[in-house]
Amino acid sequence: MSAHSTAAERAAGLAEPPNRRQRARAATLDEIKQTALDLMREQGTVDVRFTDIARAMGLTPPALYRYFADRDELLTAMVTDSFVDLGTTLAEARESMAPEDLGGRFVATCAAYRTWAAASPQRFSLIFGVPVPGYSAPVDGPTTDAAQRAMANLAGLVLANQQGGRLGAPLVGDVSAAFTAFATHKLEEYADAIGPATYQAMLLAWSALHGFVSLEANGQFGWMEPVLRDELFRAQVRVAAVVLGLEPPV
């Protein structure tokens with residue numbers, strides 16, 4: 001049985017349902033990851049130890065090695081899960097708006113990014129915060145694939161506006177030769193639709209939105225009333241739209 005089969009696939013007879021042992025193992029894997037997240041929240045750091053996780057679960061440290069080879073494998077699984085969940089959240093927010101409402105889709109996606117970070121601060125810190133000492137995500141591994149799928153939501157919105165004739169020139173049109181070469185390499189699959197200036201604008205827009213979300217998630221806007229933060233965020237979304245060459249959403 002595939003560990004990634006869906007309930008719909010199993011109901012249709014396209015995949016075998018998990019047996020009792022597989023369900024028990026999956027439940028333990030989830031408990032380990034949730035315990036690690038709980039410790040991150042309580043300790044105020046994403047740098048957690050295997051021994052602490054085992055103690056919190058009432059297990060011996062060697063027992064965890066039946067599920068994860070080491071702490072790095074656990075962190076890789078948690079980073080991957082976080083990016084997958086973020087990507088799913090952004091896609092669902094985008095699809096909640098009518099296909100022709102491109103402005104609404106942009107706003108919904110930006111808002112979902114902010115909401116996810118506020119609801120999952122430990123996961124947000126795990127994937128976007130200070131690197132965990134001694135940990136390096138595997139190159140071209142599951143974390144990279146999941147991250148690319150999550151962040152492809154912005155590229156998809158830009159492409160939709162481009163194809164709908166609603167993408168104007170980005171606010172900053174000057175692009176260096178070095179960045180042009182970099183963008184050309186990164187944009188092979190979008191070469192006909194997204195040029196270096198638009199790709200640069202995508203990164204600038206994401207940086208602006210991410211900066212606001214990071215400040216808020218880390219409590220740096222605590223001195224501002226929630227309603228004022230909401231208004232500031234709406235203004236930030238409009239700025240990001242202008243940077244991208246989109247019509248500022250209402």
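The values are calculated or read from the model by the stated rules, or taken from the named source; none is laboratory data. Bear in mind that the values here come from a model prediction, so they are computed numbers and not experimental data. Please note: Cβ atoms are built from the backbone with ideal geometry, for glycine as well, and neighbour counts cover all protein chains shown. Ligands, DNA and RNA are stripped out before the accessible areas are found, and what is left, the full protein with its side chains, is counted by its heavy atoms. Shrake-Rupley method; radii C 1.70, N 1.55, O 1.52, S 1.80 Å.
Across the range 49-63, the qualifying residues are those that are in contact with a Pro (Cβ under 9 Å, 6 or more places away or on another chain) and hydrophobic (A, V, I, L, M, F, W, C), and the one among them that is most open to solvent (accessible area, probe 1.4 Å) is 50.
Yes/no per residue for (1) farther than 25 Å from residue 119 by Cα; (2) touching a residue at least 24 places away in the same chain (Cβ under 8 Å); (3) outside any helix (DSSP H, G or I):
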site	(1), (2), (3)
197	yes, yes, no
207	no, no, no
210	no, yes, no
219	no, no, yes
224	no, no, yes
246	yes, yes, yes
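Among the residues making up the range 1-54, those that are among the basic types (Lys, Arg) and either modelled with pLDDT under 85 or more than 20 Å from residue 65 (Cβ to Cβ) (or both) are 10, 20, 21, 23, 41.
If you go through the range 220-244 and pick out every residue that is open to solvent by less than 30 Å² (accessible area, probe 1.4 Å) and β-branched (Val, Ile, Thr), you end up with 2. Taken residue by residue, the range 167-184 has no member that is open to solvent by less than 80 Å² (accessible area, probe 1.4 Å), among the aromatic types (Phe, Trp, Tyr) and within 21 Å of the chain's Cα centre (by Cα). For the range 149-180, the set of residues classified as among the small types (Gly, Ala, Ser), without any contact (Cβ under 8 Å) to a residue 60 or more places away in the chain and in a loop (DSSP other than H, G, I, E, B) consists of 165, 173, 176, listed by residue number.
Quick grid of which residues meet (1) in contact with a Lys or Arg (Cβ under 9 Å, 6 or more places away or on another chain); (2) of a type in the set (Lys, Arg); (3) over 25 Å from residue 201 (Cα atoms); (4) at pLDDT 85 or above:
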| site | (1), (2), (3), (4) |
| --- | --- |
| 124 | no, no, no, yes |
| 139 | no, no, yes, no |
| 144 | no, no, no, no |
| 148 | no, no, no, no |
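Select, from 143, 115, 109, 88, the only residue that is more than 21 Å from residue 36 (Cα to Cα) and crowded, with 17+ Cβ neighbours inside 10 Å.
Values: 143 fails: more than 21 Å from residue 36 (Cα to Cα); 115 fails: crowded, with 17+ Cβ neighbours inside 10 Å; 88 fails: crowded, with 17+ Cβ neighbours inside 10 Å.
So the residue among 143, 115, 109, 88 that is more than 21 Å from residue 36 (Cα to Cα) and crowded, with 17+ Cβ neighbours inside 10 Å is 109.
For the range 33-48, residues that are over 16 Å from residue 132 (Cβ atoms) and surrounded by fewer than 17 Cβ atoms within 10 Å (Cβ to Cβ) total 3.
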